[in-house]
Amino acid sequence: MKPSKDRSPDGYGRLPDSRRNGRRLRTEPVNQVMDRLFDRATRSRMKGTRAIEMWEQVVGAEIAAIAKATEYAGGVLTVRVTHPVYRVELQQMATDVISQLNERLGEELIRRLRFV
């Protein structure tokens with residue numbers, strides 16, 4: 001079978017990997033893509049750890065005594081609160097606390113506080 005210009009040399013009608021839907025695709029080795037994704041995830045985790053460490057500086061010693069930042073994942077900083085009454089008060093302060101944390105981190109890393 002003689003390949004037509006619409007078909008690949010193998011005769012199965014696939015276009016070469018570098019061209020799909022009339023667009024040229026940028027190819028990159030898998031290890032480079034994985035390294036880039038790993039670096040991004042690692043940086044995010046490290047900054048999340050920094051947010052936990054700076055919690056007391058942002059909220060003050062009095063609030064830090066009743067509410068402790070314990071975990072960061074996917075833009076959410078988890079805060080363990082000693083009593084439900086404090087949880088309600090902290091929820092009202094959340095927007096300001098998030099802004100201060102992100103300002104100190106240098107980027108919009110924290111999107112939400114989760115009180116448990």
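The values are calculated or read from the model by the stated rules, or taken from the named source; none is laboratory data. Please read all numbers here as calculations on a predicted model, not as lab measurements. Quick reminder, even Gly has a Cβ in these numbers, built from the backbone with ideal geometry, and neighbours come from all protein chains shown.
When you scan the range 32-58, how many residues do you find that are among the polar types (S, T, N, Q) and at pLDDT 75 or above?
Residues in the range 32-58 being among the polar types (S, T, N, Q) and at pLDDT 75 or above: 2 in total.
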Would you be able to tell me the number of residues in the range 57-77 that are aliphatic (A, V, I, L, M), in contact (Cβ under 8 Å) with a residue 24 or more places away in the chain and touching a Lys or Arg at 6+ places or on another chain (Cβ under 9 Å)? 5
